[in-house]
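I have placed the structure first, in the form of C-alpha cells, so that the comments after it can refer back to it.
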Amino acid sequence: MKNFTQVAVPHEDILSGKLAMDVFAADLWQVARGEAPLDYRDADLFFKKTYLTAGLKNILEIARARLEGRSGDSVIELQTPFGGGKTHTLIALYHKAREWNARVVVFDGTALHPGEIRPWEELERQLTGKVVFTRGEVAPGREKLIDLLSEHSPALILMDELLEYTTKAAGIRVGDSNLASQTLAFIQELTGAVSAVGNALLVLTLPSSVLEHYDENAERMFQQLQKIAGRMERIYTPVADDEIERVVRARLFSRVKEEEVKEVVDEFVDYARGEGLLSSDELPRYRERFLKSYPFKPEVIDILYKRWGSFPTFQRTRGVLRLLSLVISDLLDKNLPFIRLGDFNLSNQELRRELIRHLGQEWDSIIAQDITAEDSGASKVNEVLGPSYRSFRLGTVVSTTIFMTSFSGRGESEKGISVRDIKLSVLYPGISSTVVDTVISNLKEKLFYLSDEGLFFTNQPNLNRVIVEREESFSEEELREKERKILEESISRPSLFRVFLYPRSSRDIPDTPEFKLVILNQSQPEQGFLETCGEIPRVYRNTLIFLCSDEEQREAFYLYLRKLLALEHIENDSRLNLKEGQKREVKVKLRNLKGRAYEELRKLYHKLFLPAREGYRELSLGLPTYGESSLVQEIYNYLRSQGEILEKIAPRVIREKYLANRSYVDIRSLYEAFLKTPGEIRLTSQEAFLESIKEGVKQGLFGFARATDRDLEDICIGKTPEVSFTDEEVIVKPDLCVKEEKEEVESGTAGGSVSSGGEETEKGPAPHTGSPPQSGTTTEGPPASREYSEVTLGLKASPGNLSTIVRVVNYLRNQFENCTVEVVLRAKGGKISAAEYEDKIKEALEQAGIEVEEEYHA
C-alpha cells in the first residue's frame, strides 16, 4: 500500500513544517480586527479549508434569508459541546455577511473587559463609528435599539462567549445593581429589537454543558440568558457527530484521491474479515466510516472526538485538529498506509504536552517509563518479538493504543479497550492477528502502570511495579540461600549417588568406594578435590562426579529468584491490601514460577566434570529433560546415555581389554581399579560387575579360578561359577583353561599348575602377576603409548541399538577432525507407497542435507 501522503496530500503548511499551532485557535475578535492568522482572516482560504457541514449550510442559508429581509429566525443560538465548532461557525457567518453587504457587529466576551466596554456601547460604535445614543452605565430601551438597527441594517450581530462576559460583569457595581444585570436586560431588549427589524439577525453562543460554567453564579446567569433568548431563539448545531471526519479532512488535507482511498480501505476490510476482526454486519459500516476518515482509522477520530473531547479542557474540533496536525507532521517520512492511534508518537514533546495537560503532569514520567524510554516496558517487548516483527514496533504501537483509549471525561465506564479492538486498530494486512495476543501478554508482564483490571493505564502502580520494588530489596545472601534450598529440593530423592552440596574443602568428601556427586557453586572443581581427602592422598578418585554452575547464567537465575522471592513475600504480606483480582494473579504467577524452578536451576547447573587421566573431562547436561525434577536422577540418566556409567559390562569387553596381554587378572583388583583409576569404567555396583564375570565364564569367554600360593585351582569355564569376591579369585584366559583340563585328564590328577605365561611350573604361578596396575597406570590391553590415527567400523545393528551407535559416533567426532558415517538401510517384510517414499523418506533426507549414494527399491 502507498504512503498515506500520496493518497491524501496535507496542506502546504503541514508539509513544509511551518505549521503554527495558533492557526487552530479560531478567534472571532481577531478576525474582526484583521489580526487573525491568514487561514481565518482570508475568506477564500477559510472556506477552502472548511468542510461545509449540513448544519453550517443550514445556518448560512437562514442567515442570508433573514439579512435579505425574506424570512427566517431573528435570534439563533449555537449551543454545542466545548470546541464543537461554534467560533468557526461565527467566522463563517462574518465572512458571508460581508459578502452579502451586511453590517457585522462582533462581540467577544473573552476579549472585552467589562469595566471598559459595555455591550450596548460596543454595538453602536461598530455600527456608526461612535457612541452617542447608548452611552451610559444603564442598558438602553428597546425603542432606541430598534432605531439604531433600522438605520444601519441589514445588520448581523455575533455575540460569542457571552456567559464569560456576564460572569465577569457581576463584579462591577452599577447603582443598586451591577453590570451583569444590566447586560441581561440589554440582551432581553436586543432580542426584541432584532425581531422587530426585519433584516437584522442576532447569533449568540452559549455552552451546552455545565462543565464549562465557572461557579453557581455563572450557572444562574446561564439559566437567565437561556430564558431571555429562549423567548424567540432557535438552537442550531453546526457540526453533527458523523461529520467530524469530513471537517478534519478538509482542514488538514488539500487533496484526497478517493479512488485510491477505496483501494486501501477495501484491502484492509478484506484482511479484517479474514482475520475475524469484523463480522458481516459490521463490515459495511466500518468501510463507510474508514472511507470518510482516511487517512485516519475510524477509531482515531472516535477516541479523540468522543473520549478526549469529553474533557472540559479539551476543545473537541479544535483540539482534534491540533493533535492530528502534529501527528501528520511527525509521520510524513514514516511510509505508513494510514494513521492509527498507535502511531501517535508520545516521544514528541509537543504532542505529549497537548495530551497530558488534560490529565496531569504525573503522566509525563508514566509515559516515559512504560512507553517511550529506551528501557521502557514497551521497548523491551519490541525486542522480544524477534526480527520478523521488530520493525513493526508492536510493543510501542499496542501500548500507545491502550494509552489513547484509557481516558474519558465521563468517568470509568468509558475507559479501556478490548483485545479485538486493539487488533483492529493496530494491524496491517499480512500480519497474523495472533501476534497481538503475544504482545499484550508481554506488556502485562513489563508495564508498571497498565491496570491489573483491564486494558487501560492508571496513575497508580500495578502489581508489576510492586513486584519490581520487592525484587530490588533482596540481598545476595538471601538469593544464595534460596538457591541452596531449591538445590536441596532437587536432590532430596534416594539415588545411586551420595550427594555433597557445597563442600568447603576436600576433607568434606570421604574417600570411599561409593559414587559421590559433588555440587559446587563455582565454574569448575579444584584439582585438590580429586587428589586428596584432607591431608591424605585420595584413593577412590574415579568415584567422584562434579556438577558446577555456569556463572554466565547466574545473573539470569538471580533475576528469576528475585521474582520468585518477591511473589512469595507479596502473597504473605497482608499490609498491601491487594484487590481480589491481584491476589489471584499473584497466586497464578507464583504457581507458574515455582513450576519453573527446576528448569531455571538446570540452566545454571549443567556443567559436569569427570576424573580423567589428566585433570577433568568436562561435559554438559544441555537443556533440562522435560518433566524431570530430580537433579541426581537426570545426571545419572545422562551419564548412562553417554556411556560414562554402566549398569553392566559386556564380558567380551573384559576379555579383550583386560586379558589381551595377561594370563589371568585378579577380579577384586580389577574392580578396585575401576574405582581408583581416573577415566576408567564406572559400574553402578559390585553386583553388576560380578554378574558380568559369571556370564563371561559361562559363555566360555574366559575362565574362573582361585589363585593360591602354589598354583591356580578350581578352574571353571563354560558354566556359572560361584564368585564370592575374595582376594584369591581371578579370571583366566580360556586357552589356559582348556590346557589345564586336558592335563588333568591325561594325568588323572584333580589339579595342576599353570604359570602366568600359560606354561607348567613346579613352583606355581607368580603371585597375582596378572592383576591390573594400580591407580595412575593403564589397564588396557594395547600399550598405553599406542595411538590410532584412523578408525573404520563395519556395523550391523537392529533399530534398538541405534542409540549406542550414535553415542559412539559422537565420541569419535570429538576425537577426529573428519568423521563421516556411511549408512545402509534395508527394510523388508512390509509395503510403502511411492508417494510416501518420496514425501516421508526422500524429502526428509534431502532437507537434512543427507546425500543418497545408492538407491534400490522394488
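The values are calculated or read from the model by the stated rules, or taken from the named source; none is laboratory data. Please read these numbers as outputs of a predicted model, since none were measured by experiment. For neighbour counting, all protein chains shown are included, and Cβ atoms are generated from backbone atoms with ideal geometry for every residue, glycine included.
Where the second residue is at pLDDT 90 or above and of a type in the set (Lys, Arg) and the first is at positive phi and lies in the stretch 708-728, which pairs have Cβ atoms under 8 Å and are six or more apart or on separate chains?
Note: pairs meeting the criteria are 714/706; 718/698; 725/668.
Quick one: would you say residue 452 is assigned to a helix (DSSP H, G or I), under 17 Å from the mean Cα position of the chain (by Cα) and under 29 Å from residue 559 (Cβ atoms)?
Numbers: assigned to a helix (DSSP H, G or I): no; under 17 Å from the mean Cα position of the chain (by Cα): yes; under 29 Å from residue 559 (Cβ atoms): yes.
When the stated conditions are applied, residue 452 does not pass them.
Quick one: how many residues across the stretch 690-712 are within 26 Å of residue 496 (Cβ to Cβ) and either surrounded by 22 or more Cβ atoms within 10 Å (Cβ to Cβ) or among the aliphatic types (A, V, I, L, M) (or both)?
We begin by selecting, within the stretch 690-712, every residue within 26 Å of residue 496 (Cβ to Cβ); these are 690-696.
When the remaining residues are screened for being either surrounded by 22 or more Cβ atoms within 10 Å (Cβ to Cβ) or among the aliphatic types (A, V, I, L, M) (or both), the result is 690, 693, 696.
Adding up the residues that qualify gives 3.
May I ask you to list the residues in the stretch 266-277 that are surrounded by fewer than 21 Cβ atoms within 10 Å (Cβ to Cβ) and assigned to a helix (DSSP H, G or I)?
266, 267, 269, 270, 271, 273, 274, listed by residue number.
Residues that are in contact (Cβ under 8 Å) with a residue 12 or more places away in the chain and assigned by TED's automatic domain parsing to the domain that holds residue 266: find the helices (runs of 4 or more DSSP H) completely inside the stretch 278-395 holding 2 or more of those.
Details: elements: 283-293, 298-302, 316-331, 349-356, 363-367, 377-384, 387-390.
So the answer is 283-293, 298-302, 316-331, 349-356, 363-367, 377-384.
How about the stretch 548-573: which of its residues are of a type outside the set (A, V, I, L, M, F, W, C) and part of a helix (DSSP H, G or I)? Walk me through how you get there before you give the answer.
Narrowing the stretch 548-573 to residues of a type outside the set (A, V, I, L, M, F, W, C): 549-555, 558, 560, 562-563, 568-569, 571-573.
Within the stretch 548-573, 551, 552, 553, 554, 555, 558, 560, 562, 563, 568, 569, 571 meet the criteria.
Specify which of the listed residues (480, 493) is at pLDDT 95 or above and either exposed (fewer than 15 other Cβ atoms within 10 Å of the Cβ) or in a loop (DSSP other than H, G, I, E, B) (or both).
Details: 493 fails: at pLDDT 95 or above.
Residue meeting the stated conditions: 480.
Do we have residue 319 as surrounded by 23 or more Cβ atoms within 10 Å (Cβ to Cβ), over 20 Å from residue 255 (Cβ atoms) and either under 28 Å from the mean Cα position of the chain (by Cα) or not acidic (Asp, Glu) (or both) here?
Working: surrounded by 23 or more Cβ atoms within 10 Å (Cβ to Cβ): no; over 20 Å from residue 255 (Cβ atoms): yes; either under 28 Å from the mean Cα position of the chain (by Cα) or not acidic (Asp, Glu) (or both): yes.
It is false that residue 319 is surrounded by 23 or more Cβ atoms within 10 Å (Cβ to Cβ), over 20 Å from residue 255 (Cβ atoms) and either under 28 Å from the mean Cα position of the chain (by Cα) or not acidic (Asp, Glu) (or both).
Which residues, counting only those in the stretch 696-721, are in a loop (DSSP other than H, G, I, E, B) and of a type outside the set (Asp, Glu)? Spell out the reasoning first.
Restricting attention to the stretch 696-721, the residues satisfying the condition of being in a loop (DSSP other than H, G, I, E, B) are 700-702, 708-711, 717-721.
If the condition is that a residue be in a loop (DSSP other than H, G, I, E, B) and of a type outside the set (Asp, Glu), then 700, 701, 702, 708, 710, 717, 718, 719, 720, 721 are the ones that fit.
For the subset of the stretch 2-28 comprising residues that are more than 17 Å from residue 320 (Cβ to Cβ) and modelled with pLDDT of 90 or more, which member is surrounded by the fewest Cβ atoms within 10 Å (Cβ to Cβ)?
Once the filter is applied, the top-ranked residue is 6.
Of all residues in the stretch 280-316, count the ones that are over 28 Å from the mean Cα position of the chain (by Cα) and either basic (Lys, Arg) or surrounded by fewer than 19 Cβ atoms within 10 Å (Cβ to Cβ) (or both). It would help to see each step written out before you state the result.
Filtering the stretch 280-316 for residues over 28 Å from the mean Cα position of the chain (by Cα) gives 280-295, 305-306, 309-316.
Those still in the list that are either basic (Lys, Arg) or surrounded by fewer than 19 Cβ atoms within 10 Å (Cβ to Cβ) (or both) too: 280-285, 287-289, 291-292, 306, 312-313, 316.
Total meeting the criteria: 15.
Could you grab me the full set of residues in the stretch 136-176 that are more than 30 Å from residue 100 (Cβ to Cβ), of a type in the set (Gly, Ala, Ser) and surrounded by 15 or more Cβ atoms within 10 Å (Cβ to Cβ)?
Correct list: 169, 170.
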